[in-house]
Structure formats: structure tokens, C-alpha cells
């Protein structure tokens with residue numbers, strides 16, 4: 001019997017109802033039938049679900065979840081097995097799913113992943129992103145050639161996707177023998193930044209490798225790891241790869257500039273040339289790191305890393321084979337691709353998704369989408385068409 005069931009949301013908007021039991025690899029006919037019955041019924045019967053499941057997830061919640069998917073994406077067409085898991089095929093979307101049945105054939109574990117819109121073509125999905133409020137940029141390229149785009153040369157804030165040139169600079173330093181992936185360095189308190197990440201909580205002088213720092217920077221967007229690598233490789237090396245971000249601020253420096261009490265510093269940053277900005281960074285070097293609650297709630301787009309979609313695709317092309325990308329695939333389904341490299345960025349008024357995927361034939365696709373606007377951007381409005389674009393490329 002499975003343990004307690006939990007209902008939660010995935011980081012990238014997945015819709016889940018999941019229990020603690022392991023979901024069997026590969027679908028069985030009974031599983032397909034149980035899932036199809038769930039989506040065909042006007043009313044879900046409690047006897048179709050295991051008691052432990054219903055204890056944690058009320059029947060009304062399950063009914064509303066399934067009903068909302070059908071209202072938005074149409075009636076059930078079929079339930080098929082693909083890449084070792086089930087896919088619920090609705091009129092206008094496909095919903096990847098996994099489930100497990102108990103000994104009496106009742107659903108004990110259920111995972112419904114985000115629906116993928118299949119009702120619109122690739123160009124229409126790009127147009128949906130282009131129509132979002134604020135400024136957007138999209139580039140879809142296959143083997144380096146654009147196949148769909150919207151303002152791919154717009155220079156937008158990209159949040160943590162701006163860490164890609166740091167990774168490339170580190171790789172260049174490793175290839176030149178100045179650094180080594182297995183090189184051990186003590187964690188310098190001067191590198192300590194705010195989350196995301198985990199290293200900000202580690203003790204000073206903890207030995208870590210360059211590979212560990214790079215893996216944390218890419219997979220969980222660890223800001224302390226980012227500042228460590230920026231210091232170790234040197235700011236000039238990164239600025240050569242990001243010439244429109246000179247000087248290239250560390251995350252710690254950006255947090256100081258983004259604090260609620262730093263409006264004057266932000267104004268000075270906005271009106272200064274690169275030389276003036278370097279002097280400003282020197283002037284705040286000894287300022288304490290602000291607490292998270294001291295950060296400005298409204299967007300502070302003047303203090304950001306800025307890149308075009310073309311630039312991010314280029315950086316992904318040059319770094320996609322590196323190990324840090326093997327940890328977190330982002331919104332791309334790793335089962336459908338031989339290789340996935342993903343880096344995104346998100347903060348007030350900023351959302352970026354940057355992915356490079358490679359199929360079994362060695363064909364590479366890059367999909368970059370950036371969105372800048374007011375506070376409170378709704379991630380799913382970008383994630384929905386973005387997932388659909390990746391899905392369409394996987395079927396091409």
C-alpha cells in the first residue's frame with residue numbers, strides 16, 4: 001500500500017497528484033484504461049481511487065483538475081504509451097502522465113505533467129509569446145539556422161541566463177590550463193551572496209571543486225557559486241564574452257544595488273558610462289549584503305544582465321556539451337532528446353527560458369524566449385507556448 005499522498009506544484013508549472021510509491025516504468029493496459037476512464041467520465045467515482053489517495057487529495061479536487069484540463073483543451077481522444085510513459089491525448093493538448101494502481105486496480109499514484117498545446121503551429125506559438133504584455137524576444141533555430149523568431153536581436157534582461165558567459169569563460173580557462181574542473185578551492189566568505197542556491201549557507205573555507213561550483217551555478221542557479229567562478233576566472237574574461245555588460249556585476253553587487261535603500265545608486269548606475277559604473281562597483285565593495293526582505297519589490301531592470309536571443313543561442317551552442325547541463329533539463333523532456341542544455345532566469349519583471357536540444361540524428365535546436373515587463377509576470381503564459389515549441393521540434 002502506498003504511503004501518504006501529496007499534492008503540490010512543480011517548479012515549471014506541472015500539475016501533480018502524486019503518492020510515495022514508485023511509478024512503474026512502462027505502461028500496462030490496466031493503467032491506460034484507468035486513466036482513460038478518469039478523463040472520459042462526467043463524474044469521477046471515489047471507488048476508482050485508492051483510500052490513501054483520497055485522504056490527501058479530496059475527490060472534488062481531482063474532479064476539478066481533470067475537468068479544468070478538458071474545459072481548456074477539449075475531450076479525450078486516447079491514452080497512448082510513448083517513451084515509457086502514458087500520454088493523455090485531448091483535442092487540443094497532450095498531457096504526459098504517470099500512475100500506479102493498487103492491488104484492486106484503483107489509482108494510488110498519479111502525476112499529470114503540464115499540458116502541451118498541440119492546437120497551434122510553431123509560428124502561432126511564437127506569435128503567442130510576441131503578444132505578451134511588455135517586451136518579448138523569441139528565437140527558434142535548427143542547426144544554427146533560424147526557423148521562427150520575434151525580435152531576436154532585442155537586448156533584454158535575462159536574469160540568471162546571464163550566467164552562461166561565466167560558464168564559457170571557465171571552460172576556456174580550463175582548456176588553457178589556468179583552471180581545472182577537479183581543482184579544489186576554499187569557499188571564500190567574500191563570495192557569499194543571497195539565494196537561489198545552497199552555498200550561501202555553507203561554512204567558510206569549505207573545500208569545493210570548480211566542477212561543483214559550475215554544476216550548482218547552472219542547475220540551481222546558485223549565486224554564491226556564480227560569484228566564486230566570476231572571481232576565479234576574472235571579470236575581464238567574462239566581459240570579453242559579454243561586451244554589452246561592461247562592467248559585468250556579480251550577483252552580490254546586483255543585490256546591493258537592488259536594495260530598497262539604493263535608489264540613488266541605481267540612478268547613478270543608469271546614467272553612468274562603463275568607467276563610471278566600475279567606480280560605482282568599487283565604492284560599494286565594502287557594503288554589507290542586504291537581507292532578502294530589504295530588496296526592492298518592484299522591477300529594477302536598470303541593474304541586470306542583458307543579452308539578445310541570438311547571443312544566448314550562441315553561448316548555449318558553445319557550452320551545451322559541458323557536464324553542468326546534465327543535471328537539470330528544464331522544460332524539455334529529456335526522454336525525447338539525446339542531449340538537453342537549459343538555463344533560465346526569473347525575477348521581478350524578468351523571465352527567460354533558454355534551451356538547446358539535440359535529437360538522435362545529431363540535429364540541434366535552440367529555443368530562447370525572454371520576457372520583460374511589470375512585476376507579477378505569469379510564468380505559465382510563457383511556459384505554455386515554449387513547451388509547445390519544444391514539443392513541435394521533437395516531432396519534426
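The values are calculated or read from the model by the stated rules, or taken from the named source; none is laboratory data. Just so it is clear, the structure is predicted and the values come from calculations on it, not from any experiment. Cβ coordinates were reconstructed from backbone atoms using ideal geometry, including for glycine residues, and neighbour counts include every protein chain displayed.
Check whether at least one residue in region 291-309 is within 28 Å of residue 116 (Cα to Cα), surrounded by fewer than 19 Cβ atoms within 10 Å (Cβ to Cβ) and outside the structural domain of residue 236 (by TED's automatic domain parsing), and report yes or no.
No, region 291-309 has no match at all.
Against the definition (under 18 Å from residue 387 (Cβ atoms) and at pLDDT 90 or above), how does residue 94 come out, yes or no?
When the stated conditions are applied, residue 94 passes them.
Sort through 153, 231, 227, 222 and tell me the only one that's in the same structural domain as residue 375 (by TED's automatic domain parsing) and within 28 Å of residue 350 (Cα to Cα).
153
Can you go through 137, 100 and tell me which one is at pLDDT 95 or above, in contact with a helix residue (DSSP H, G or I) (Cβ under 9 Å, 6 or more places away or on another chain) and in a strand (DSSP E or B)?
137
Quick check on region 284-292. Is at least one of its residues outside any loop (DSSP other than H, G, I, E, B), within 14 Å of residue 255 (Cα to Cα) and without any contact (Cβ under 8 Å) to a residue 40 or more places away in the chain?
No, that holds for no residue.
Please count how many residues of region 140-189 are part of a helix (DSSP H, G or I) and either farther than 30 Å from residue 201 by Cα or touching a strand residue (DSSP E or B) at 6+ places or on another chain (Cβ under 7 Å) (or both).
Of the residues in region 140-189, 7 are part of a helix (DSSP H, G or I) and either farther than 30 Å from residue 201 by Cα or touching a strand residue (DSSP E or B) at 6+ places or on another chain (Cβ under 7 Å) (or both).
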